[in-house]
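Undergrad: Right, I'll just put the structure down here and ask away after.
Since every read-out is calculated from the coordinates, none of them should be taken as a lab result. Because the structure is a prediction, the values reported are computed rather than measured. Using ideal geometry, Cβ is built from the backbone for each residue, glycine included, and neighbour counts are taken over all protein chains shown.
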Amino acid sequence: MGSRTQRPAENEYANFYATYVTRVPDGDIVQILRDQIEETCTRIEKAGEAKADFAYAPGKWTVREVIGHLADGERVFAYRALRFARADQTPLPGFDETTYVPAGDFGERSLASLIDEFRAVRAASVKLYEGLPADAWSRSGSANQNSITVRALAWITAGHELHHRALLEERYDL
């Protein structure tokens, strides 16, 4: 259990992820991941379809696109965690969210379907992290030419959602 509650050290992830990791409160990261999804999704559901196509500035993502991005990002982080947890040392490439979001064509989907997808992806991530043996949490690999641990990926996943939730609150008024 200690591995799930141990915050990743700064040398377990690239500096650009620090803003995500520092957003996450102390505690059992699996429980944090399990709990936070409902708060985010409930806020977005309350806004409803009327706000789904809102972007706070020209060229910024709509609410639909933010939710699609969250699901895509979560999949990428979980895939990296799976590979490294299973002791796969194959270097993994980065991903470019600026190409993923338009290619996802999220504007053609209902907000409800995007929220359902995000919940399903999170549920799969939780099951992955729940099932990890204690020693897997400290395993590491290379993603986007940076060393990163499985533990850091779990915390980054939670922090990435918290980062976008804060933007949805502050800039989208959700």
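Undergrad: Return the lysines within reach of LYS60: Cα separation strictly under 20 angstrom, same-chain partners fewer than 8 residues apart disregarded; answer none if there are no such residues.
TA: Excluding near neighbours in sequence, the set is LYS51.
Undergrad: Same structure again: Taking 8 Å as the Cα distance limit and 6 or more residues as the minimum spacing, I'd like the relative contact order of the chain as a percentage.
TA: The normalised contact order for the chain reaches 41 percent.
Undergrad: Here is a follow-up. Quick one: net charge of ARG23's neighbours, Cβ under 14 Å, K/R +1, D/E -1? Working shown, then result.
TA: Working: positive: ARG7, ARG165; negative: ASP26, GLU39, GLU161, GLU169, GLU170.
Spelling it out: positives minus negatives among the neighbours equals -3.
Undergrad: Continuing with the same structure: DSSP loop trypsin sites (Lys or Arg not before Pro) in the stretch 54-133 with at most 13 other Cβ atoms within 10 Å of their Cβ, which ones?
TA: Details: sites: LYS60, ARG64, ARG75, ARG80, ARG83, ARG86, ARG109, ARG119, ARG122, LYS127; in loops: LYS60, ARG86, ARG109.
Here the sparse-neighbourhood loop sites are LYS60, ARG86.
Undergrad: Quick check: Cα centre of the stretch 97-164 to Cα centre of the stretch 1-70, how many Å?
TA: Rounded to whole Å, the Cα centres lie 9 Å apart.
Undergrad: Cα gyration tensor of the stretch 85-160, axes a ≥ b ≥ c as square roots of the eigenvalues: rounded (a/c below 1.5), prolate (a/b > b/c) or oblate? Don't skip to the end; give the middle numbers.
TA: Working: a/c = 2.96, a/b = 1.52, b/c = 1.95.
The shape class here is oblate.
Undergrad: If you plug each phi of the stretch 52-57 into the Karplus form 6.51 cos²θ - 1.76 cosθ + 1.60 with θ = phi - 60°, what whole-Hz ³J(HN,Hα) values come out, in order, with x for Gly and Pro?
TA: So the J values, rounded to whole Hz, are 4, 9, 6, 10, 6, 7.
Undergrad: Which lysines, on any chain, are close to LYS127 with Cα under 29 Å apart, when same-chain ones fewer than 8 places away are left out?
TA: Partners found: LYS46.
Undergrad: Enter the angle in degrees (range 0 to 90, nearest 10) between the Cα long axis of helix 63-85 and the first principal axis of the Cα atoms of the chain, meaning the one along which they spread out most.
TA: That works out to roughly 10 degrees.
Undergrad: If you don't mind, another one. If amide H atoms are built 1.01 Å from N in the plane of the peptide, which residues on other chains or at least 5 residues away come under 5 Å of the amide H of TRP61?
TA: none
Undergrad: Here are some values of mean projected area of the Cα convex hull in nm²: [x] 9.4; [y] 11.5; [z] 15.8. Which one was computed from this structure?
TA: Here mean projected area of the Cα convex hull in nm² agrees with entry [x].
Undergrad: Could I ask something else about it? If you place +1 on the Cβ of every Lys and Arg, -1 on the Cβ of every Asp and Glu, and leave all else neutral, what size is the dipole of the stretch 1-60 about its Cα centre, to the nearest 20 Debye?
TA: On the way: 8 positive and 10 negative charges, 26 e Å.
About 120 debye.
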